[in-house]
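Everything below concerns the one structure shown next.
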Amino acid sequence: MVFSLTACSSTKTLEPAPEGYSFIEPPSEEQIYSRFGNSKMYMTTDPEQIADWYCDFVVIGKFLGNTDTFVANGDHIYTKGLFEVTDVLKGDYAGQYLEAVYGGGAISVDEYLDALEPGEISSYGLNKIPQNERSSLYVEERDPEYGVDPTPGTTYILLLSDSDIGYAVQGDTFGVMPYQDGKAYDYATNSYKTFSFME
């Protein structure tokens, strides 16, 4: 893990949560006890290959807000974001809303400690935080270059796999592409285009 001082996202929601869902508020800067970056190696950053090789679903949806953060796969932090589904381009998904899981987020020290092995707790130094302060302090993990941070009210094409942690975004930012006027944002060319999985 690489520790860094990247800026914390202050995701706001534009609308109230639909019935049955609730949105989480990001912690304030003062509540962040520790930040670390988690850079990844990618087999491919080409959305065509990601959709073909790794995806069970390709969905178009409007981002409404984040609903949860949790720790899985060891000590990695994940966020669930709620999308209102407007179209399904690949796979069989019939719901009005979809919670997509992407890497990164902020979670209370209490929750983070619950997910760690005893040796990890002391190596991170989190056990030195007084018990009564742990629920109000947060640990934040972000991929400094390719982390997902959708904007409420924006429509995206999501490249997803059905995994043990939920509908997981594939390729991080390359799997969450802004969508407008029938085209998706291509990070390689910084322009909108039509990919083959959209046809």
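The values are calculated or read from the model by the stated rules, or taken from the named source; none is laboratory data. Just so you know, these numbers come straight off a predicted model, no measurement behind them. Using ideal geometry, Cβ is built from the backbone for each residue, glycine included, and neighbour counts are taken over all protein chains shown. These accessible areas exclude ligands, DNA and RNA; they are computed on the full protein's heavy atoms, side chains included. Shrake-Rupley method; radii C 1.70, N 1.55, O 1.52, S 1.80 Å.
Taking the Cα centre of the chain as the origin, how large is its charge dipole in debye, to the nearest 20, when only Lys and Arg (+1) and Asp and Glu (-1) carry charge on their Cβ atoms? Walk me through the intermediate numbers first.
On the way: 11 positive and 32 negative charges, 76 e Å.
Value, rounded to 20: 360 debye.
Could you work out the helix-only [θ] at 222 nm for the chain, with each DSSP H run of four or more residues adding -39,500 (n - 2.57) and the total divided by the number of residues, to the nearest 500 deg cm²/dmol? Walk me through the numbers on the way to the answer.
Values: 3 runs with 21 residues, N = 199.
Helices in the chain give a 222 nm mean residue ellipticity of -2500 deg cm²/dmol.
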(message) Need the full-extension length gain, THR44 to ASN127, defined as separation in residues times 0.36 nm minus the C-alpha distance. One decimal, nm.
(response) 26.0 nm
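What pairs from LYS80/LYS193; LYS40/LYS90; LYS90/LYS183 go past 19 Å between their alpha carbons?
On the way: LYS80/LYS193 27 Å; LYS40/LYS90 26 Å; LYS90/LYS183 16 Å.
Among LYS80/LYS193; LYS40/LYS90; LYS90/LYS183, the Cα-Cα distance tops 19 Å for LYS80/LYS193; LYS40/LYS90.
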(request) Any chance you could get the radius of gyration and Dmax over the Cα atoms of segment 25-91, in Å? (result) 15.6, 42
(message) Per residue, how large is the accessible surface of the chain? Use a 1.4 angstrom probe and give square angstrom.
(response) 51 Å²
(request) Quick one: check the C-alpha center-to-center distance for segment 46-62 versus segment 97-126, whole angstrom. (result) 27 Å
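So if I average 1/r over every pair of distinct C-alpha atoms in segment 49-199 and take the inverse, what Kirkwood radius in Å does that give? Please list the in-between numbers first.
Values: mean 1/r = 0.0605 Å⁻¹.
Here the Kirkwood hydrodynamic radius works out to 16.5 Å.
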(request) Calculate, in nm to one decimal, what ALA188 and GLU30 gain on full extension: separation in residues at 0.36 nm each, minus their alpha carbon distance. (result) 53.3 nm
